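The values are calculated or read from the model by the stated rules, or taken from the named source; none is laboratory data. Quantities reported herein were computed from a predicted structural model and do not represent experimental measurements. Reconstructed Cβ throughout: ideal geometry from the backbone, glycine too, with neighbour counts over all protein chains shown. Heads up: the accessible areas ignore ligands, DNA and RNA and are worked out on the full protein's heavy atoms, side chains in. Shrake-Rupley method; radii C 1.70, N 1.55, O 1.52, S 1.80 Å.
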Amino acid sequence: MNICRYLLTALICTCSSAAVLAQDSTLIGVPLKWDIQKCIEYAKKNNIQINSLRLSQKISEQEFLLAKASRLPDLSASASQNFGHSNSAGSGSGRSGFTASGNYGLSSSVTLYNGNYINNNIAQKNLAQQVANLSVMQQENDITLQITQAYLTILLDKETIVYNSDVVTTSQAQLKQYQQKFDVGAIARKDLVQLQAQVATDQYNLVTAKNQERQDLLTLKQLLLLPTDATFDVVKPDTIAPVNTNTPLHDAEQIALKNRPEIKSGQLAVDIAQYDVAKANAGYKPFLSAGGSVGASYVTGNGDYFSQLNRNFNQQIGLNLSIPIFTKRQVKTQVEEAKIGVDQAKLDFTNTRITLSQQVERAYINVQNAQGQYEAAQQEFKFNQESYRIANEQLKVGVANMVEFLQQKNLYIQAQQSYIQSKYNTLLSLKIYDFYKGIPITL
C-alpha cells in the first residue's frame, strides 16, 4: 500500500500546476464529505485530461461534418469595380476624363467522381469520431482506478487511527494503574518508566496515523482538483469486507477483450488505417467535376448601366476531367506508406490486446496473493489479539513482567497493522479485477 501511495502522490505532483485552473469556486469554504461514487462522478466531470479529450471529441465531430459537406457543391460570388482616368490631349481631341468598369459573377463546382475518396473520407472521419469517444471512456476508467486507490488508502488510514486510538486508551489506563501502584511502592520505577515509554510510542503512532490520513486526504483532494480552501473528507462505509466473485481468469480476460474501450479503439485504428489506403488509391483514378458560372460586366461610355449588364450577361457550364498518367511515384509512395500504416495499426492493436491480457492476469494474481495474505493476517491478528488480552490480565495480577508484556503488545500491534493493510490491499485488488470485468466500483 505504501508503494501505491507514493506512486499516486507522484502523479498528483505532475498535475498540481493545472489543478488551480480547474478548481470549482462554488466549493470554496464548503465542508465536503463524499462517498466514492461522488468522488468518481466529480472527477469524470472536472478532470483536465478528460475535458481535454472531450474537446478533441468535438473537433472530431466537426471534421466528420466537414467530410460529409464535401459531397455538396460550392458557391462563390465575385465582384470588381475599376476606375480609370485618361488624358486625350495628345490625340488632338483635347479631351480627358474618368471611366468606370465592373465585373460581377457567380460560380459553382461539384465533384462527380474522385475514386470514391469522399465516401472513404467520410467513413474514416466517422470512425475517428468513435475513437475520440472511446478515448474519453478510457481516460474515465483510468481516473476511476486512481480515485479508488486513493479512497481506499484513506479508509485504511481511518481504520488504523481507530485501532491506534484503542491502543492508546488501553495504554493510558494501564499507566494510570501502574502509577498508583508505584506511588504505594508496589512496583519498581523501571516498570513504570518502560510503560511510560510505551505510552509515548503508542501516542506517536496515533499522531503518525492522523498525519498520514491528512496527507492522503490531500492527495485525493488534489486528484479531484478541489479548491485549496475546501474542507474535504470521505464517507466511511459501515462495513468493509473483501468479497471475491470467483470469476475465472479466462472469463475475465474475454470480457475485458470484448468490452474495454482501448480494445475497441485499437480495432477502429486498424479500420482507419485501411481507409487511408483506399484514399491513397484514389490518386490512381480519374477526377471528374462539374462547374458553372454566370457573370455580367459594364464600361462607362458604352451605353446605359443596366442595358450593358443585360447585354453582357453570360452563362457557362462544363465538365472537368483529370486523368493521372505519371505522378513521379507520389501516389505509389502514398499507397505504400498507408499500407505500412495498416501494419503498424495492427501491431499496435496486438500490443494493446497483449497488454490488457497481461493486466487482467496480473490483477487476477494480485487477488490470489492478497487473499492468501489476508487470510493469514486474520489468523495472526486473531491469535495475537487473544495473547495480548491474556498478557493484559496477567499484567494486572502481576503474573507477567513488563518486558514480556511489551513484547506481546508489539506483536499484537504488528499483527494489527498487517491485518488492516492486507484487508484493504485485498479489497483494492478485487475492485480492480472486477473493474476489468466491467463491474462498476462501489463500496
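In region 102-131, which residue that is among the β-branched types (V, I, T) and in contact with a Lys or Arg (Cβ under 7 Å, 6 or more places away or on another chain) is nearest to Q62 (Cα to Cα)?
The first filter runs over region 102-131 and keeps only residues among the β-branched types (V, I, T), leaving 110-111, 118, 122, 131.
Pick out the ones that are also in contact with a Lys or Arg (Cβ under 7 Å, 6 or more places away or on another chain) and you get 118, 122.
Details: I118: 16, I122: 12 Å.
In this case the residue turns out to be I122.
Assess whether A376 counts as being part of a helix (DSSP H, G or I), among the small types (G, A, S) and buried (at least 17 other Cβ atoms within 10 Å of the Cβ). Before the answer, list the steps.
Working: part of a helix (DSSP H, G or I): yes; among the small types (G, A, S): yes; buried (at least 17 other Cβ atoms within 10 Å of the Cβ): no.
Criteria not met by A376.
Could you please tell me which pairs satisfy a Cβ distance under 6 Å, a separation of 6+ or placement on different chains, a first residue in region 156-182 that is open to solvent by 30 Å² or more (accessible area, probe 1.4 Å), and a second residue that is polar (S, T, N, Q)?
Sorted first by the residue in region 156-182, then by its partner, the pairs are Y163/Q416.
In the list E337, E404, which residue meets the criterion of being acidic (D, E), in a helix (DSSP H, G or I) and either buried (at least 18 other Cβ atoms within 10 Å of the Cβ) or at pLDDT 95 or above (or both)?
Values: E404 fails: either buried (at least 18 other Cβ atoms within 10 Å of the Cβ) or at pLDDT 95 or above (or both).
Going through E337, E404 in turn, the sole match is E337.
Exactly one condition in (1) in contact with a helix residue (DSSP H, G or I) (Cβ under 7 Å, 6 or more places away or on another chain); (2) within 30 Å of I272 (Cβ to Cβ) is false for N302; which is it?
The number of the failed condition is (2).
Quick one: in region 312-334, of everything that is among the aliphatic types (A, V, I, L, M) and open to solvent by 90 Å² or more (accessible area, probe 1.4 Å), which residue is nearest to S101 (Cα to Cα)? So that I can check it myself, show each step before the final result.
Of all residues in region 312-334, those among the aliphatic types (A, V, I, L, M) come to 317, 319, 321, 323, 325, 331.
The next check asks that each one be open to solvent by 90 Å² or more (accessible area, probe 1.4 Å); those that pass are 317, 319, 321, 323, 325.
Numbers: I317: 25, L319: 30, L321: 34, I323: 39, I325: 43 Å.
Filtering region 312-334 for residues that are among the aliphatic types (A, V, I, L, M) and open to solvent by 90 Å² or more (accessible area, probe 1.4 Å), the one nearest to S101 (Cα to Cα) comes out as I317.
Step by step: first the residues of region 408-443, then only those that are surrounded by fewer than 20 Cβ atoms within 10 Å (Cβ to Cβ) and among the hydroxyl-bearing types (S, T, Y), then the one that is modelled with the highest pLDDT. Which residue is that?
S418
Please enumerate the residues belonging to region 228-270 that are closer than 18 Å to Y364 by Cβ and of a type in the set (V, I, T).
Matches in region 228-270: V243, T245, T247, I255, I263.
Give me the residue from region 276-290 that is open to solvent by less than 30 Å² (accessible area, probe 1.4 Å) and in contact with a strand residue (DSSP E or B) (Cβ under 9 Å, 6 or more places away or on another chain) and, out of that set, nearest to A128 (Cα to Cα).
S289
Listed residues S307, S265; which is at pLDDT below 95 and of a type in the set (G, A, S)? Before you say what the answer is, go through the steps one by one.
Values: S265 fails: at pLDDT below 95.
When all the criteria are applied, what remains is S307.
Say we look at region 195-223 and pick out the residues that are hydroxyl-bearing (S, T, Y) and within 36 Å of the chain's Cα centre (by Cα); which of these is nearest to N164 (Cα to Cα)? First the steps, then the outcome.
Within region 195-223, the first condition is being hydroxyl-bearing (S, T, Y), and the residues that meet it are 201, 204, 208, 219.
Filter again for within 36 Å of the chain's Cα centre (by Cα), leaving 208, 219.
Details: T208: 10, T219: 22 Å.
Checked region 195-223; the qualifying residue nearest to N164 (Cα to Cα) is T208.
One residue is enough: does region 233-251 have a residue meeting the conditions part of a helix (DSSP H, G or I) and in contact with a Gly (Cβ under 9 Å, 6 or more places away or on another chain)?
Looking for residues that are part of a helix (DSSP H, G or I) and in contact with a Gly (Cβ under 9 Å, 6 or more places away or on another chain), one finds none in region 233-251, hence no.
Go through region 302-321 and report how many residues are free of Cβ contacts under 8 Å to residues at least 12 places away in the same chain and in a loop (DSSP other than H, G, I, E, B).
Adding up the residues that qualify gives 3.
Inspect all residues belonging to region 322-331 and state whether any of them is assigned to a helix (DSSP H, G or I) and either more than 30 Å from P440 (Cα to Cα) or under 26 Å from the mean Cα position of the chain (by Cα) (or both). If you could, list the steps in order and put the result at the bottom.
As a first pass, look at region 322-331 and keep what is assigned to a helix (DSSP H, G or I): 330-331.
Retained after the next criterion (residues that are either more than 30 Å from P440 (Cα to Cα) or under 26 Å from the mean Cα position of the chain (by Cα) (or both)): 330-331.
Yes, region 322-331 has at least one match.
Does region 111-133 include one or more residues that are open to solvent by 30 Å² or more (accessible area, probe 1.4 Å), outside any loop (DSSP other than H, G, I, E, B), in contact with a Pro (Cβ under 8 Å, 6 or more places away or on another chain) and in contact (Cβ under 8 Å) with a residue 40 or more places away in the chain?
Among the residues of region 111-133, at least one is open to solvent by 30 Å² or more (accessible area, probe 1.4 Å), outside any loop (DSSP other than H, G, I, E, B), in contact with a Pro (Cβ under 8 Å, 6 or more places away or on another chain) and in contact (Cβ under 8 Å) with a residue 40 or more places away in the chain, which makes the answer yes.
Pull up region 345-368, narrow it to residues that are free of Cβ contacts under 8 Å to residues at least 24 places away in the same chain and polar (S, T, N, Q), then point me to the one that is least open to solvent (accessible area, probe 1.4 Å).
T355
Against the definition (open to solvent by 70 Å² or more (accessible area, probe 1.4 Å) and on the phi > 0 side of the Ramachandran plot), how does N246 come out, yes or no? Show your work before the answer.
On the way: open to solvent by 70 Å² or more (accessible area, probe 1.4 Å): yes; on the phi > 0 side of the Ramachandran plot: yes.
In short, yes.
Could you tell me whether region 270-290 includes any residue that is over 29 Å from the mean Cα position of the chain (by Cα), under 30 Å from A79 (Cα atoms), in contact (Cβ under 8 Å) with a residue 60 or more places away in the chain and assigned to a loop (DSSP other than H, G, I, E, B)? Quick ask: steps written out before the conclusion?
The first filter runs over region 270-290 and keeps only residues over 29 Å from the mean Cα position of the chain (by Cα), leaving 277-290.
Among the residues that remain, those that are also under 30 Å from A79 (Cα atoms) are: 287-290.
Subsequent filtering for residues that are in contact (Cβ under 8 Å) with a residue 60 or more places away in the chain retains 287-290.
Still in the running and assigned to a loop (DSSP other than H, G, I, E, B): none.
No, region 270-290 has no match at all.
Which count do you get for residues in region 122-162 that are farther than 30 Å from I413 by Cα and β-branched (V, I, T)?
Summing the residues that are farther than 30 Å from I413 by Cα and β-branched (V, I, T) in region 122-162 gives 5.
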